[in-house]
Amino acid sequence: VCVDEDFEKHEMLLRQFVVNKDSKFIGKTIRKSGIRNKYRCMVVGVESMDGISLHAPDIDTPLEDGDIVWVVGEESSLKSLMNWE
């Protein structure tokens, strides 16, 4: 087991962003979006544009205009992700 000695210094934050028609995420699945591998963030929920249903993400469902994506990550990773969006 690998132990990160600085584990307690890694503060995780919860943020959200809206996918719009000009977003690089539109039409991409969570799996293909790069959110996890490129930006080191985890999608924890997707809220449909109707604003009523927040659900666990299906990594193979394409993101649509108006979807609200909830992500968790370290501050630097989230900043990088949000600058891309």
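Note on exposure: 67, 58 ranked by accessible area (1.4 Å probe, complete protein assembly) read 58, 67, with the most exposed listed first.
If you add up the charges near residue 80, with Lys and Arg at +1 and Asp and Glu at -1, over every other residue whose beta carbon is less than 9 angstrom from its beta carbon, what do you get? Walk me through the numbers before you get to the answer.
Working: positive: 38, 40, 79; negative: none.
That sum, taken over residues with Cβ under 9 Å, equals +3.
Let me make sure I get this right: for the stretch 10-85, a, b and c are the square roots of the gyration tensor eigenvalues over alpha carbons, sorted descending. Under 1.5 in a/c it's rounded, otherwise prolate if a/b > b/c, else oblate. Which is it? Note, shape of the stretch 10-85 comes out prolate.
With θ taken as phi - 60° and the Karplus curve 6.51 cos²θ - 1.76 cosθ + 1.60 applied, the whole-hertz 3J(HN,Hα) list for the stretch 12-17 is 9, 10, 9, 9, 9, 9 Hz, x standing for glycine and proline.
The values are calculated or read from the model by the stated rules, or taken from the named source; none is laboratory data. These figures come from a predicted structure and were not determined experimentally. When we count neighbours, we look across all protein chains shown, and the Cβ atoms used for this are built from the backbone with ideal geometry, even at glycine. Ligands, DNA and RNA are stripped out before the accessible areas are found, and what is left, the full protein with its side chains, is counted by its heavy atoms. Shrake-Rupley method; radii C 1.70, N 1.55, O 1.52, S 1.80 Å.
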